[in-house]
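*Asks:* The structure follows.
We did not get these values from a lab; they are worked out from the coordinates using the rules stated. None of these values were measured; they are calculated from a predicted model. Neighbour counts run over all protein chains shown; Cβ positions are idealised from the backbone, glycine included.
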Amino acid sequence: MTGRIVVGVSGGIAAFKTAALVSRLVQLGEAVSVVMTESAQQFVGPATFSALCNSQPVIHPFDSRFPLGPHIELAQDCKLLIVAPATAHVMAACALGLADTLLSTLYLNVECPVVMAPAMSTPMWEKPAVQRNVEQLRLDGVHLVGPEIGWLSCRRQGAGRMAEPETILDFVKPFLTSTSPE
Ligand SMILES: Cc1cc2nc3c(=O)[nH]c(=O)nc-3n(C[C@H](O)[C@H](O)[C@H](O)COP(=O)(O)O)c2cc1C
C-alpha cells in the first residue's frame with residue numbers, strides 16, 4: 001500500500017525511544033514523516049528525526065513548506081498515524097477534538113488508522129480524567145498500545161512506561177502492507 005506513515009512525537013521522556021521506532025520503520029522501507037510538538041523538542045532534537053527520515057520534522061502549524069497547511073498535506077497520503085509517546089495532554093486534546101496544536105489538528109484531519117502509545121507517570125495514567133480520555137479515544141477508534149508496567153523516569157516502578165519500539169512495531173505491522181525486506 002502506498003502512502004506514508006506519520007509519527008507524532010509529543011513531550012515525554014519516552015520520545016528518545018521513538019527515534020528507534022522511526023529507524024525501524026524506515027528500515028522496513030516505509031516513508032516516514034515526523035510531527036513534533038513544541039514540548040517534544042525538549043526531549044529529542046529535530047536533527048535526529050531529520051537524519052532518520054531524510055526530511056525535517058514538522059513542528060509549526062504554519063510551516064511554509066505546506067501551503068495548504070501541514071495538517072492537510074500530511075494527512076493526504078497518510079496511511080497510518082502513530083503517536084508515540086502520547087502524552088496526557090495530546091490524548092486530552094485528541095479526545096476533546098481540540099485543534100490547537102499541529103498534532104491534534106492532524107489527528108482530526110487524518111482518515112487512516114491511528115495508533116497511540118501512551119507514556120506518563122503512574123499517578124497521571126491512573127487519574128480518572130486521563131482514563132476518561134483514553135476510553136473516549138478507544139470509542140473513537142484509536143488503537144492503543146501499552147502503556148506497560150516497568151521502570152519510569154520518575155524513579156519508580158509502575159504503569160505508564162511507553163511500549164518498547166519493537167512492541168509498537170509488531171502492533172502496527174498489520175496496518176502496513178509493505179513487504180520490503182528488512
Ligand atoms: C522532565 C519532564 C518529563 C515529562 N514526561 C511526561 C510524560 O512522560 N508524559 C506526559 O504526559 N507528560 C510529561 N511531561 C509533561 C509534558 O511535557 C507537558 O504536559 C507538555 O505540555 C506536553 O505537551 P505536548 O503534549 O504538546 O507535547 C513531562 C514534563 C517534564 C518536564
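*Asks:* Can you give me the relative contact order of segment 4-175 as a percent, contacts being Cα pairs under 8 Å and 6 or more apart?
*Replies:* 22
*Asks:* If you take every DSSP beta bridge fully contained in the chain, what fraction is antiparallel? Give it as a percent rounded to 5.
*Replies:* Around 25 percent of the beta bridges assigned by DSSP in the chain are antiparallel ones.
*Asks:* Quick one: Lys173, Lys79, fewest Cβ neighbours within 10 Å first, how do they rank?
*Replies:* Lys173, Lys79
*Asks:* Test of understanding: ordering Cys78, Cys112 by Cβ neighbours within 10 Å, fewest first, what list do you get?
*Replies:* Least to most surrounded, the residues fall as Cys112, Cys78.
*Asks:* I've got another one for you. Got a sec? Charge dipole of the chain, +1 on Cβ for Lys and Arg, -1 for Asp and Glu; which of Ile82, Thr122, Gly69 is way out at the positive end?
*Replies:* Thr122
*Asks:* Related question: For segment 1-101, how big is Rg over Rh, using alpha carbon atoms and the Kirkwood form of Rh?
*Replies:* Checking Rg against Rh, the ratio lands at 0.93.
*Asks:* For Phe66 and Leu139 in one chain, what is 0.36 nm times their gap in residues minus the Cα-Cα distance, to one decimal in nm?
*Replies:* Stretched fully, the Phe66-Leu139 segment lengthens by 23.1 nm.
*Asks:* Divide by every residue of the chain the summed helix terms, -39500 (n - 2.57) for each DSSP H run of at least 4, and state the resulting mean residue ellipticity at 222 nm, rounded to the nearest 500 deg cm²/dmol.
*Replies:* Mean residue ellipticity, 222 nm, calculated: -10500 deg cm²/dmol.
*Asks:* Between Leu108 and Leu96, what is the label-to-label distance in nm when each label sits 7 Å out along the Cα-to-Cβ direction?
*Replies:* In this crude label model, Leu108 to Leu96 measures out at 1.2 nm.
*Asks:* Now for a separate question. Under the definition of Cα pairs under 8 Å and six or more residues apart, what whole-number percent is the relative contact order of segment 109-172?
*Replies:* 38
*Asks:* Three principal axis extents, largest first, for the C-alpha atoms of the chain, in Å?
*Replies:* Each principal axis gives a Cα extent; for the chain these are 40, 35, 30 Å.
*Asks:* Pick out which of Ala159, Ala15, Ala129 has the largest mean-square fluctuation in a Gaussian network model of the chain, springs linking Cα atoms closer than 10 Å.
*Replies:* Most flexible of the set in this elastic network: Ala129.
*Asks:* Continuing with this model, one more query. Need the full-extension length gain, Lys127 to Ile149, defined as separation in residues times 0.36 nm minus the C-alpha distance. One decimal, nm.
*Replies:* The Lys127-Ile149 span can extend by a further 6.3 nm.
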